[in-house]
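Asks: I am attaching a structure below and will ask some questions about it afterwards.
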Amino acid sequence: MNYVLKSWKELDRAAWESLRAGYDGGTVYHSWEWAGLWPSAFPGMRAGFLLAVEAQEYEYGLPLVLKGRYPFLRIYSMPMGGYGGLLYRPHDGRRAEGGFTGMFKMLSRLRPCYLEIVDFEGRMDFLTRLGFVRHEACTHLVDLEEFGKLPRQRRKRGAVQAERRGLRIAPAADGRELEAAYELLQLRDRRYGQATKYPLHFYELIRQRLVPLGMASIDLAWEGRQVIGFMVSLVYRQNLIYWDGASHPDFLSRRPADALMQHLIDHGLESKCRWLNLGSSPPGARGLIRFKEQWGGRPRRYYIYRRANLLYKLWQRLKP
């Protein structure tokens, strides 16, 4: 088997889609389109695909984001802490170890100071034998098949109030409307004393590239002519992912978050999706977790494996 690292532009898209479609854990985050957002929005990042190739077919694949250069090269499995990870044709977890061993040797030649790999399917515990430290993370999943069986009055919750008050949900029509939504995100982050993670351009790329392909939706909640909430969701096959969103703090009584969530779930039911992933649930975020549980979200643990050398650890300690 031949192990190679291909750039986003070098990837054989047909061979990659064959691998992604044949693996039941594939997500939007494994797509060529998603990978292309990173170098476009973050000039210091490169998108790559680590591959095990046999007879011109991709047998194993790991989408990556590469940041910095040696000796400060950091490598993250796509999409940096989400639900990406290794794709492979066999469904036997033991085969994953055999394929990844060769891929890991390829990565090691790049001499990264930091490696991070997500294991959403729970099939890569062998990484601890390669010097990775396992960290537990949690998300919440909604079983849409079960949700669809509930009486409608139980399903809508706060969305009923939003509908009665005339709240309107509509997709972002242009850059101006998207900018109004992004201001809500910045307002939220200022309240929590944190920097906004993604630039406006990243959301614009989602609107321009993924939305027309049916891989994403950007929906806005309107109170009259004012945007008071928004939600970004991603979709692939039977899986919906809530990716980001925010509400205006002065209009929380209008229940924009509930209205947007109901809209997303209705879309998932109409599209015959099976699962809705409500995103990362940090420990201690009781309000967020309670909101997810009210919509039928059940906790799902997954693992993030990290491997850092001494230089990276010293660098982290010295950072202000």
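The values are calculated or read from the model by the stated rules, or taken from the named source; none is laboratory data. Keep in mind that what you see is a predicted model, and the values were worked out from it rather than measured. Cβ coordinates were reconstructed from backbone atoms using ideal geometry, including for glycine residues, and neighbour counts include every protein chain displayed.
Asks: Which one of the conditions (1) in a strand (DSSP E or B); (2) over 30 Å from ARG69 (Cβ atoms); (3) among the charged types (D, E, K, R) does ASP244 fail to meet, given that it meets all the rest?
Replies: Condition not satisfied by ASP244: (2).
Asks: Quick check on my filter: what residues within the stretch 247-263 are in contact with a helix residue (DSSP H, G or I) (Cβ under 6 Å, 6 or more places away or on another chain) and either polar (S, T, N, Q) or in a loop (DSSP other than H, G, I, E, B) (or both)?
Replies: Within the stretch 247-263, SER247, HIS248, ARG255, GLN262 qualify.
Asks: Has the stretch 38-47 got at least one residue that is under 20 Å from VAL118 (Cβ atoms) and of a type in the set (Lys, Arg)?
Replies: Within the stretch 38-47 (the criterion being under 20 Å from VAL118 (Cβ atoms) and of a type in the set (Lys, Arg)), the answer is yes, since at least one residue qualifies.
Asks: Let me ask you something else. Take the stretch 1-40 and flag every residue that is farther than 28 Å from TYR242 by Cβ, touching a residue at least 40 places away in the same chain (Cβ under 8 Å) and not in a strand (DSSP E or B).
Replies: If the condition is that a residue be farther than 28 Å from TYR242 by Cβ, touching a residue at least 40 places away in the same chain (Cβ under 8 Å) and not in a strand (DSSP E or B), then MET1, ASP12, ALA15, SER18 are the ones that fit.
Asks: Now, a different point. It is to be established whether one or more residues within the stretch 306-316 are over 26 Å from VAL235 (Cβ atoms) and within 22 Å of the chain's Cα centre (by Cα).
Replies: Scanning the stretch 306-316, I find at least one residue that is over 26 Å from VAL235 (Cβ atoms) and within 22 Å of the chain's Cα centre (by Cα), so the answer is yes.
Asks: Could you tell me which residue of the stretch 103-118 is nearest to TYR88 (Cα to Cα), considering only residues that are touching a strand residue (DSSP E or B) at 6+ places or on another chain (Cβ under 6 Å) and crowded, with 20+ Cβ neighbours inside 10 Å?
Replies: Filtering first and then ranking leaves MET103.
Asks: Identify, by number, the condition in (1) modelled with pLDDT of 90 or more; (2) at negative phi; (3) surrounded by fewer than 24 Cβ atoms within 10 Å (Cβ to Cβ) that LEU51 doesn't meet.
Replies: (3)
Asks: In the set PRO320, PRO249, which member is farther than 30 Å from GLU146 by Cα, outside the structural domain of GLY68 (by TED's automatic domain parsing) and at pLDDT below 90?
Replies: Just one listed residue meets the conditions, PRO320.
Asks: If you scan the stretch 276-291, which residues turn out to be loosely packed, with under 12 Cβ neighbours inside 10 Å and at pLDDT 85 or above?
Replies: ARG290
Asks: Something else about it: Hey, could you check the stretch 228-238 for residues that are assigned to a strand (DSSP E or B) and out of contact with any Lys or Arg (no Cβ under 7 Å at 6 or more places or on another chain) and say which is farthest from LYS272 (Cα to Cα)?
Replies: GLY229
Asks: Something else about it: Got at least one residue in the stretch 212-224 being surrounded by fewer than 20 Cβ atoms within 10 Å (Cβ to Cβ) and on the phi > 0 side of the Ramachandran plot?
Replies: yes
Asks: Of everything in the stretch 292-320 that's surrounded by fewer than 18 Cβ atoms within 10 Å (Cβ to Cβ) and of a type in the set (A, V, I, L, M, F, W, C), which residue is farthest from TYR76 (Cα to Cα)?
Replies: LEU318
Asks: If I filter the stretch 201-223 down to residues being small (Gly, Ala, Ser) and touching a residue at least 24 places away in the same chain (Cβ under 8 Å), which single residue comes out as nearest to GLY36 (Cα to Cα)?
Replies: ALA216
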